[in-house]
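Heads up, the thing below is written out as structure tokens.
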Amino acid sequence: MSDPTATGRRGFLKMTAMAGGLAASQSAPAGQTDQQAQTAQSIHETKYEDRTDSVEEKLRLLAAAYRKRDYRLSRALAASLRETLQFEQHDQESSGEAVIAPDTFGAVGDMPEPWRRWARTWRYYKVLDIQETAGAERSGEPVEALIGFRGDQADSLRREVRIARVEPDGGLREVACQVSGDVRRETTLFARVQFLAHVLASGRTTYLVFYGNPDAELPSYPSDLTVSGEGFGLDIENDYYVASLSRQMGQLERLKLKREHGLELFAGGEGHGEPPGIDWAHDYVASNNFQKFRITNWPTCPDYEVIRGPLCVTVRRWGFPNSTIHPLFTPSRMNIFVEYRFYAGAPYFIKEGSMEVIKDMEITYLRDDEWVFSGHSFTDTLWMGRNGKLRTGPVDAAAQDDLWATGFFHRVSRDAFLALFLKHEAEGVDGLKHTGAPQLYYKWHGPLWSRALFQNARMPKGSVLRQKNAYLVLPFPEQGGAEMAEGWRQRLINPLVLRGGDLPSDASATPGSLARPGEAADSVIDKQRIWEALADCKDYQLYTADVSVVDLGLIYDVRVRGETVHVVMTMPHRGRPRHGYFAWGSGGNLQPIRDRLLKLPGVRKVVVEPVWEPAWSSNRVTEKGRRALGLPD
């Protein structure tokens, strides 16, 4: 009999040997063995490639350890390989196509005098035009723009970027914004800027993006969006709902509708051995109906990203679903990605997902959206066919496989929960169905819908299923409820159009100033001198690199309040949680932040606040810091 384990081992060794052999063939000088060449390369560690190990090298080492059946070493190498990939993703992944290019900008000093005076401590601006195309007025609609900046024009986009709306009378009004996803690519910076837009039906509104103020501080905006918890196990609240994500694997577990009686949607019981929640997708059953693979079986998220802010909280999770007896069966065939987005001031949240097949496979069936609620909080069903008209009652036979909304409401309380399917498509596989008819009773629970897509199907390598859904929690009024839901779907499938624009010519006086106290070169203690002093504070565990906490990107903010300097800083990773090493020192020749700043005239107190959000990455390292560390371009 053949040994399937040995067969899998041979395939793995063949793949890793090819990768390792390729790397060796490219680097070994004539007359040297691979091992001798490797030793010669790394003995002095004078450049970046000597100080770390590449993906190819770790694959070679992993193959060698696996060949020896040294499983502890193999697992250690697999973990190290994962960390290298995480660094490369942060450092090299494409940021995407920017709405406004880095070299498209204007100087604040060249703006009309009323605007120049209002934004006088900022140096540069960009123009962003937003167009409404669906004939519906938008008020407080979340928008996101990927914008490029020249690296020599900004120090920290999260501190410096401000958004202002050009009013009909020619004045400027600052609007709350959130900057995330900022990356450094050679001499340019990119960031995703989110804000809440206001545009008349079929109208156009111009927004100005200001940046380039070294004295700028991390802005704080009032918001109804609050978040608590750590990692992906969060509670997110706005004026309409409280969403609770599983502390185990991040799936939506409970949803409280914030009306006077506070209906809470949940699923009780024992689930299938995993924690029960209301969102059960994504999952599939393998061929021959042998076993089910679910992301709700994750003991924790294999990979995830969380972005927290005053306007939007984003939780992304991805990986291969787990078997019910994981890790006895661990096929790497379908990578599943799920993203939740929760917005300030919005009566809905968004889920985007994909199921990407990376190896030919067969399935008995699969689902990409399924919601289950315990109890009987609803009395009637809701659904929408391709014509975009919302209906109540049983789904018509002709629409069973072509649904674009599904949900429930209660005819007395008018509580409702409605899924609006905004995008549902397949690539590389035919026969996609848009199912999910709502049911008021599911055994041992209550309301349910389940969007099963394929049955007894072959899923070829490269095929992808994609979805984008909005889940609406507004009450469903007896009069106008259908029109209200239809209007929301029309707005969401016709997002506002963002593009770069030209500076308007009409400008009128704008009261006040864009700068807060401390942001207009008005600090009692010169902030430039503070930043220069912080540049004297090194990470002395990098013995010869001579790189400061500023050039490492560990300093997120500097504020001056009277005689007190407030420094917001992070650490490179949670394996070094003691920020006091930098703040207060630990003896020797260390130049701690507190001692260095207290030497500045006028400084009487130094407060160092440690934070973990946003997480540090190589994109925080300055160009000077990258040169000191020998990082590649």
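The values are calculated or read from the model by the stated rules, or taken from the named source; none is laboratory data. Predicted, not measured: the structure shown is a model, and the values here were computed from it. Here the Cβ positions follow ideal geometry from the backbone for every residue, glycine too, while neighbour counts run over all protein chains shown. Just so you know, the surface numbers come from the protein's heavy atoms only, side chains and all, with ligands and any DNA or RNA stripped out. Shrake-Rupley method; radii C 1.70, N 1.55, O 1.52, S 1.80 Å.
Quick one: is Thr84 open to solvent by 30 Å² or more (accessible area, probe 1.4 Å), in contact (Cβ under 8 Å) with a residue 24 or more places away in the chain and among the hydroxyl-bearing types (Ser, Thr, Tyr)? Considered against the rule, which asks whether it is open to solvent by 30 Å² or more (accessible area, probe 1.4 Å), in contact (Cβ under 8 Å) with a residue 24 or more places away in the chain and among the hydroxyl-bearing types (Ser, Thr, Tyr), Thr84 comes out as no. Comparison of Ala535, Ala507 shows that the only residue that is open to solvent by less than 40 Å² (accessible area, probe 1.4 Å), small (Gly, Ala, Ser) and without any contact (Cβ under 8 Å) to a residue 24 or more places away in the chain is Ala535. The residues on offer are Ala191, Ala164, and the sole one that is assigned to a strand (DSSP E or B), of a type in the set (Gly, Ala, Ser), farther than 16 Å from Val99 by Cα and open to solvent by less than 20 Å² (accessible area, probe 1.4 Å) is Ala164. Within the bounds of segment 396-408, is there any residue that is under 31 Å from the mean Cα position of the chain (by Cα), touching a residue at least 24 places away in the same chain (Cβ under 8 Å), surrounded by fewer than 18 Cβ atoms within 10 Å (Cβ to Cβ) and not in a strand (DSSP E or B)? The answer is no, given that none of the residues of segment 396-408 is under 31 Å from the mean Cα position of the chain (by Cα), touching a residue at least 24 places away in the same chain (Cβ under 8 Å), surrounded by fewer than 18 Cβ atoms within 10 Å (Cβ to Cβ) and not in a strand (DSSP E or B). Residues considered: Ala98, Ala23. Of these, the only one that is more than 30 Å from Gln153 (Cβ to Cβ) and either modelled with pLDDT of 95 or more or aliphatic (A, V, I, L, M) (or both) is Ala23. Among the residues making up segment 49-101, those that are out of contact with any Gly (no Cβ under 8 Å at 6 or more places or on another chain) and not in a helix (DSSP H, G or I) are Thr52, Asp53, Ser54, Lys68, Arg69, Asp70, Glu93, Ser94, Gly96, Glu97. Annotation note: of Ile525, Ile530, the sole residue that is touching a helix residue (DSSP H, G or I) at 6+ places or on another chain (Cβ under 7 Å) and farther than 30 Å from Lys351 by Cα is Ile530.
Within the option set Gly151, Gly140, Gly170, Gly135, being on the phi > 0 side of the Ramachandran plot, under 29 Å from the mean Cα position of the chain (by Cα) and touching a residue at least 40 places away in the same chain (Cβ under 8 Å) holds for one residue only, Gly140. Screening Val565, Val524, Val550, Val558 for residues that are under 16 Å from Pro214 (Cβ atoms), among the β-branched types (Val, Ile, Thr) and not in a strand (DSSP E or B) leaves exactly one candidate, Val550. Considering segment 141-161, the residues that are open to solvent by 10 Å² or more (accessible area, probe 1.4 Å) and part of a strand (DSSP E or B) include one that is farthest from Gln131 (Cα to Cα), namely Arg150. Scanning segment 194-214 for residues that are open to solvent by 10 Å² or more (accessible area, probe 1.4 Å), out of contact with any Asp or Glu (no Cβ under 7 Å at 6 or more places or on another chain) and not hydroxyl-bearing (Ser, Thr, Tyr) gives a single hit, His198. I want to confirm something. Restricting to segment 292-326 and keeping residues that are aliphatic (A, V, I, L, M) and in contact with a strand residue (DSSP E or B) (Cβ under 8 Å, 6 or more places away or on another chain), which single residue is farthest from Tyr241 (Cα to Cα)? The qualifying residue farthest from Tyr241 (Cα to Cα) is Ile295. Within segment 298-317, one or more residues are open to solvent by less than 20 Å² (accessible area, probe 1.4 Å), modelled with pLDDT of 95 or more and of a type in the set (S, T, N, Q).
When Ala101 is tested against the conditions (1) under 21 Å from Arg620 (Cα atoms); (2) small (Gly, Ala, Ser); (3) open to solvent by less than 30 Å² (accessible area, probe 1.4 Å), the lone failure is (3). Among residues of segment 430-450 that are basic (Lys, Arg), those with a Cβ under 6 angstrom from a residue that is assigned to a loop (DSSP other than H, G, I, E, B), sequence gap 6+ or separate chain, pair up as Lys433/Asp401. Restricting the first member to segment 235-252 and to residues that are part of a strand (DSSP E or B), and the second to residues that are of a type in the set (S, T, N, Q) and surrounded by fewer than 18 Cβ atoms within 10 Å (Cβ to Cβ), the beta-carbon pairs closer than 6 Å and six or more apart or on different chains are Asp235/Ser228; Glu237/Thr226. Checked against (1) among the charged types (D, E, K, R); (2) at pLDDT 95 or above; (3) crowded, with 17+ Cβ neighbours inside 10 Å, Asp91 passes all but condition (2).
All of (1) in a loop (DSSP other than H, G, I, E, B); (2) open to solvent by 60 Å² or more (accessible area, probe 1.4 Å); (3) under 24 Å from Leu472 (Cα atoms) hold for Gly262 with one exception: (2).
Please determine, by comparing only the residues of segment 568-593 that are hydroxyl-bearing (Ser, Thr, Tyr) and outside any helix (DSSP H, G or I), which one is surrounded by the fewest Cβ atoms within 10 Å (Cβ to Cβ). So the residue we want is Ser586.
Residues in segment 382-395 that are open to solvent by less than 60 Å² (accessible area, probe 1.4 Å) and either without any contact (Cβ under 8 Å) to a residue 24 or more places away in the chain or not in a strand (DSSP E or B) (or both): Gly385, Gly388, Gly393, Val395. Just to be sure before I move on: is Ile530 open to solvent by less than 30 Å² (accessible area, probe 1.4 Å), more than 24 Å from Asp91 (Cβ to Cβ) and part of a loop (DSSP other than H, G, I, E, B) in the structure I sent? Judged against the criteria, Ile530 is not a match. Looking across segment 323-342 at every residue that is outside any loop (DSSP other than H, G, I, E, B) and of a type in the set (Ser, Thr, Tyr), the one that is nearest to Val313 (Cα to Cα) is identified as Tyr340. Evaluated against (1) open to solvent by 50 Å² or more (accessible area, probe 1.4 Å); (2) over 28 Å from Asp91 (Cα atoms); (3) not in a loop (DSSP other than H, G, I, E, B), Leu492 falls short on exactly one condition, (1). For segment 278-293, which residues satisfy the criterion of being open to solvent by less than 10 Å² (accessible area, probe 1.4 Å) and under 24 Å from the mean Cα position of the chain (by Cα)? Answer for segment 278-293, where residues must be open to solvent by less than 10 Å² (accessible area, probe 1.4 Å) and under 24 Å from the mean Cα position of the chain (by Cα): Ile278, Asp279, Ala281, His282, Asp283.
Within segment 516-534, being at pLDDT below 95 and of a type in the set (A, V, I, L, M) holds for Ala520, Ala521, Val524, Ile525.
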